[in-house]
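Notes follow once the structure below has been shown.
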Amino acid sequence: MSRTYEQLSAEERGAIMAMKEDGHSARAIAAVLLRSPSTITRELLRNGYLLIAKADLKGGPRIAGGYDAKRAGLRARRMRRLARPVRKLHRSSPLWQEVLGLLTRKFSPEQIAATLRASHPGQRCLQASHETIYTAIYAVPRGELRRGLVALLRQGRGARRPRTRGTDRRRGVLHDIVSIHLRPPEANERLLPGHWEGDLIKGTANRSAVGTLVCRKTLFLMLVKMDGSTALNALHGFEQAFSPLDEELRKTLTYDQGKEMALHRKLAESTGLKIYFADPHSPWQRGINENTNGLIRQYLPKGTDLSGYSQRELDAIAWELNSRPRKTLGWQTPAKVLIDDCMANKIASQPSVALGT
């Protein structure tokens, strides 16, 4: 007998009915059909067959006339349909269209689930968990449609390349830096806006770059156009981003030890920021910025020439991210949280970069 189970065919059910009428046992039928005796026994019992001696057993109603192959086949097909209910997110449903619309806006499945709960409170039929959304996407048969849907998700990273011990010598060494371990408690605990994490994301062959600045408290993002990835480019770009901000929004900046921050002292002098540096090879110390960079890569994929993006286009991307609900903010948007915090703390000058202006 095969280890792979298959449903009984119409011919096998006909043979079971005929042999049972001739008085054969379930074990004898199983031997002829090359099936397990338990398969035959279950088939008989689930379709109403009872020995005369056991006719008084309690149980559900039995099919009249004992085992009937035709009725057994109809029942099997009906039960198979009932065992496969229509998916909540089948492609013709209005709910799927709503989910697809949010996916095209770069919402993650978890953000979509939270948005649906907020939009349709108490209506479970119009809500879907993030696991349901992932399942619906990956249930699509392989092909162009599935590739398009998966491309809307935030892509996981590939295998990490091992870093060599000579990395610091290759990148250069920054001087007069202040360690992240000396950063004030209010920045560590994310109590107030004005504490930022920064980085550069690089384009094709590292010839172009965009600055990323994220507020630790509100997750508010500013994308800064850079003319290159040199220290002078970073200085000018970050000065233009920070200078218009209120002094209360220019408290600290946490950065890695990339050589583009070689002019960090001039940046601190011109903006009033206190700049702290993470330990080498410790991206988790700037986890908010690292996570945000992953979100930005949905709009600016690796291998893209970033020099072709204008500041207005970068502002539009930042605005999309700033208007997207975030789990760590209780599903509020970074823009709303920042504006509320500025109003609560009577901060008049709010960031104009990435506010869609």
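In the stretch 266-284, of all residues being part of a loop (DSSP other than H, G, I, E, B) and out of contact with any strand residue (DSSP E or B) (no Cβ under 8 Å at 6 or more places or on another chain), the one that is farthest from residue 174 (Cα to Cα) corresponds to 272. In the stretch 276-313, the residue that is nearest to the chain's Cα centre (by Cα) out of those that are of a type in the set (A, V, I, L, M) and within 22 Å of residue 263 (Cβ to Cβ) is 306. I'd like to check something: does the stretch 92-107 contain any residue that is of a type in the set (Lys, Arg), part of a loop (DSSP other than H, G, I, E, B), at pLDDT 85 or above and within 30 Å of residue 327 (Cα to Cα)? Scanning the stretch 92-107 turns up at least one residue that is of a type in the set (Lys, Arg), part of a loop (DSSP other than H, G, I, E, B), at pLDDT 85 or above and within 30 Å of residue 327 (Cα to Cα).
A single entry from 128, 118 fulfils the requirement of being surrounded by 13 or more Cβ atoms within 10 Å (Cβ to Cβ) and modelled with pLDDT of 85 or more: 128.
To keep it simple, each residue is scored yes or no on (1) over 20 Å from residue 113 (Cα atoms); (2) in the same structural domain as residue 112 (by TED's automatic domain parsing); (3) among the charged types (D, E, K, R); (4) not in a strand (DSSP E or B).
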| residue | (1), (2), (3), (4) |
| --- | --- |
| 286 | yes, no, yes, yes |
| 295 | no, no, no, yes |
| 314 | yes, no, no, yes |
| 320 | no, no, yes, yes |
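Within the stretch 239-268, the set of residues being within 20 Å of residue 179 (Cβ to Cβ) and either without any contact (Cβ under 8 Å) to a residue 12 or more places away in the chain or of a type outside the set (D, E, K, R) (or both) comprises 252, 253, 254, 255, 257, 258, 261, 262, 263, 264, 267, 268. If residue 187 satisfies every condition in (1) closer than 24 Å to residue 296 by Cβ; (2) assigned to a loop (DSSP other than H, G, I, E, B); (3) at pLDDT 55 or above but one, which is the exception? Condition (2) is where residue 187 drops out.
Counting only residues that are assigned to a helix (DSSP H, G or I) and out of contact with any helix residue (DSSP H, G or I) (no Cβ under 7 Å at 6 or more places or on another chain), how many does the stretch 70-91 have? Here the count works out to 11.
This table checks each residue for (1) modelled with pLDDT under 85; (2) assigned by TED's automatic domain parsing to the domain that holds residue 111; (3) within 24 Å of the chain's Cα centre (by Cα); (4) surrounded by 11 or more Cβ atoms within 10 Å (Cβ to Cβ).
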residue: 156; (1), (2), (3), (4): yes, no, yes, no
residue: 167; (1), (2), (3), (4): yes, no, no, yes
residue: 183; (1), (2), (3), (4): no, no, no, yes
residue: 194; (1), (2), (3), (4): no, no, no, yes
residue: 200; (1), (2), (3), (4): no, no, yes, yes
residue: 205; (1), (2), (3), (4): yes, no, no, no
residue: 214; (1), (2), (3), (4): no, no, yes, yes
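Residues being surrounded by fewer than 24 Cβ atoms within 10 Å (Cβ to Cβ) and in a strand (DSSP E or B): count how many of those fall in the stretch 216-228. Residues meeting the conditions: 1.
When the residues of the stretch 229-263 are filtered to those that are of a type in the set (Asp, Glu) and outside any helix (DSSP H, G or I), the one that is modelled with the lowest pLDDT is 246.
Residue count for the stretch 190-215 under the criterion of being in a loop (DSSP other than H, G, I, E, B) and free of Cβ contacts under 8 Å to residues at least 40 places away in the same chain: the result is 2. Considering only residues that are touching a Leu at 6+ places or on another chain (Cβ under 9 Å) and under 21 Å from residue 269 (Cα atoms), which ones fall in the stretch 220-232? Within the stretch 220-232, 222, 224, 226, 229, 231, 232 qualify. Consider residue 63 carefully, then state whether it is surrounded by 14 or more Cβ atoms within 10 Å (Cβ to Cβ) and modelled with pLDDT of 90 or more. No: the conditions fail for residue 63.
The values are calculated or read from the model by the stated rules, or taken from the named source; none is laboratory data. In this text, all values refer to a predicted model and were calculated from it rather than measured experimentally. Here Cβ is always computed from backbone atoms with ideal geometry, including for glycine, and neighbour counts include all displayed protein chains.
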